[in-house]
Amino acid sequence: MPSLSNTQLELLKEADLESLHLSPELIAQIATLADPQQLTDEQLLEFLQVCNALYRSGEPLISDADYDFIFLAELQKRHPHHPYLETVEPEVVAVGKTVALPEPMLSTEKTYSQSGIEKWLSRLEKAAEDCDADFSTLMIRATPKLDGYAAYDDGKLLYTRGDGRKGTDISRVFERGLKVGGNGKRGQGAGEIVVSQTYFNNHLAEYFENSRNFQASIIKEKDLEQHALEAIQNHAAVFFPFSQLPAWQGTSAEVLADFDHVIETVYTSVDYDVDGVVFELVGNDQLKQYLGATRHHHRWQIAYKSNVETAEVIVLKVTPQTSRSGRVNPVAELTPTKLSGAVISRATAHHYGMVKELGIGVGTLIELTRSGLVIPKIERVIIPKEPQIPEHCPSCGSELVWDSDYLYCLNTTKCPAQIENTIEHFFRTLANVDGFGQKNRRKTPRLRHQLGLCRLSAGHGAIAGHGLWRQNRAKPAGSIATQQIRIHRRLALSGRFRHSPDGAGQLRAPASTPSPDGYFQSDR
């Protein structure tokens, strides 16, 4: 039986959507079946609201294509002028003061085909005739459609988009050190909070399942975790005004004559997540005013989004990989399949909780999706198989322990994978360092045993009398150590971790019978 994750349930509660008529089990079942024809109007609307809230919080329930082409299309077929279709889909409410936006922040009309762009240009041409404007000389601007967190900067405050007319004051992100992309100046209006793809993949991917999840985290009122704060301090996360985005510009004839090249050029012009290309009329305010807007979008603007390609693929095996934080991540090895112009043979399963719950093992048939340059994603499991959950670290052989949906290796000082990945991360942060290329970094775990590096200090970092410890190795304070302390604290409190006289931690059998699913209780 499909189900929502604890994180998704908590997000729905925060968004005040947990009291809907749809139960969590039914919501998950609707997402899996993807057949809205059996839903009542009320159920369909509630499901769309749930999907929107989870998507904007970084925990999407269904793909963009399913949302647009299946569920939203069904509502449009039943009620072409339904208010939900004609208003801005609201951002999840952030903690802060709700205020009127300096100007409306509307959504953007979308199309998934070149013919859709052609129809939009035809509407512009007709409007140009009505206004006695020369359509052939009108300029069209194309910019990347950032997949971030929409906000508005008036120079004094930063607001969330909210419902397009009222947003929430989140100026605290600038107080935390967030910079403005482009020319760095405040007060340039609408934009999005984004994070560098390269930085996310190298530094944040083991903490967040996707960049939207990270972006949603940095606007929250609570204190940021160290790795998120470092992303801001390193200027990897920024507020990027739309007016500062790199752009292609040309006539409508030039757009259509070189459409594929324009799309490819704009898509790859920034190192941020991009889920489309925005085309807009520029340089003729009179015509833009004539075209006007609906309650949902400006008529002089449209977004082209690539169709999501899907394929049914067989899982050959699931390979565990130990990261620098000790988290053991499952990587699904797949039958090589071509999607969006690339041959895909691997995809992340995010965590072993997902592997266990969905039945991802040898022979599992999955639906794999990829849109443009986006990392391939396991959309759903079609035929589950018995999963193989590792009990020992693939790198050092230490016993693994559960923390919520994740498996961890706690052998922080002798696990070659953790040492190698930490050292690699350290020197990657320093950029080019002579003598410490990839080959030499891989030798370092062996040298570490000979030189006695990264030893533990007994009792160092004790918290509230539990004798908890942290690693005594070079790294930004609070990054990896925070993860380890949190795990050991839970283990100590649950009775599964104790200290030997020399200060080294040891696992012992639980005093009572564990829960049937073998998971530790989580406070999140």
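Annotation: residue 278 fulfils all but one of (1) farther than 22 Å from residue 107 by Cβ; (2) within 23 Å of the chain's Cα centre (by Cα); (3) assigned to a strand (DSSP E or B); the unmet one is (1). Every listed requirement among (1) outside any loop (DSSP other than H, G, I, E, B); (2) aliphatic (A, V, I, L, M); (3) touching a strand residue (DSSP E or B) at 6+ places or on another chain (Cβ under 9 Å); (4) not assigned by TED's automatic domain parsing to the domain that holds residue 211 is met by residue 70 save one, (3). Please go through segment 185-210 and pick out each residue that is of a type in the set (Gly, Ala, Ser) and over 19 Å from residue 331 (Cα atoms). Scanning segment 185-210 gives 187, 189, 190, 191, 196. All of (1) in contact with a Ser or Thr (Cβ under 9 Å, 6 or more places away or on another chain); (2) surrounded by fewer than 17 Cβ atoms within 10 Å (Cβ to Cβ); (3) closer than 27 Å to residue 420 by Cβ; (4) not assigned by TED's automatic domain parsing to the domain that holds residue 145 hold for residue 271 with one exception: (4). When residue 19 is tested against the conditions (1) exposed (fewer than 13 other Cβ atoms within 10 Å of the Cβ); (2) among the hydroxyl-bearing types (Ser, Thr, Tyr); (3) at pLDDT 80 or above, the lone failure is (3). Go over the candidates 144, 102 one by one and state the one that is closer than 30 Å to residue 69 by Cα and not small (Gly, Ala, Ser). So the residue among 144, 102 that is closer than 30 Å to residue 69 by Cα and not small (Gly, Ala, Ser) is 144.
Among the candidates 299, 295, 324, single out the residue that is assigned by TED's automatic domain parsing to the domain that holds residue 361, out of contact with any Phe, Trp or Tyr (no Cβ under 7 Å at 6 or more places or on another chain) and among the charged types (D, E, K, R). So the residue among 299, 295, 324 that is assigned by TED's automatic domain parsing to the domain that holds residue 361, out of contact with any Phe, Trp or Tyr (no Cβ under 7 Å at 6 or more places or on another chain) and among the charged types (D, E, K, R) is 324.
With respect to the conditions (1) surrounded by fewer than 16 Cβ atoms within 10 Å (Cβ to Cβ); (2) touching a strand residue (DSSP E or B) at 6+ places or on another chain (Cβ under 7 Å); (3) at negative phi, residue 235 falls short on a single one, namely (3). For segment 233-276, a tally of residues being among the polar types (S, T, N, Q), touching a Gly at 6+ places or on another chain (Cβ under 8 Å) and touching a residue at least 60 places away in the same chain (Cβ under 8 Å) returns 2. Residue-level check: of (1) part of a helix (DSSP H, G or I); (2) touching a helix residue (DSSP H, G or I) at 6+ places or on another chain (Cβ under 7 Å); (3) free of Cβ contacts under 8 Å to residues at least 60 places away in the same chain, residue 46 misses just (2). Return the residues of segment 169-194 that are surrounded by 19 or more Cβ atoms within 10 Å (Cβ to Cβ) and closer than 14 Å to residue 102 by Cβ; say none if nothing qualifies. Matches in segment 169-194: 188, 190, 191. Of the strands (runs of 3 or more DSSP E) that lie entirely inside segment 326-386, those containing 1 or more residues that are out of contact with any Pro (no Cβ under 8 Å at 6 or more places or on another chain), of a type in the set (D, E, K, R) and at pLDDT 90 or above span 327-339. Of all the listed residues (179, 166), the sole one being among the basic types (Lys, Arg) and over 21 Å from the mean Cα position of the chain (by Cα) is 166.
Looking only at segment 199-232, residues that are out of contact with any strand residue (DSSP E or B) (no Cβ under 8 Å at 6 or more places or on another chain) and assigned to a loop (DSSP other than H, G, I, E, B) come to 11 in all.
The values are calculated or read from the model by the stated rules, or taken from the named source; none is laboratory data. Because the structure is predicted, anything quoted here is derived from the model rather than measured. Methodologically, a virtual Cβ is constructed for each residue, glycine included, from the backbone with ideal geometry; neighbour enumeration extends over all protein chains shown.
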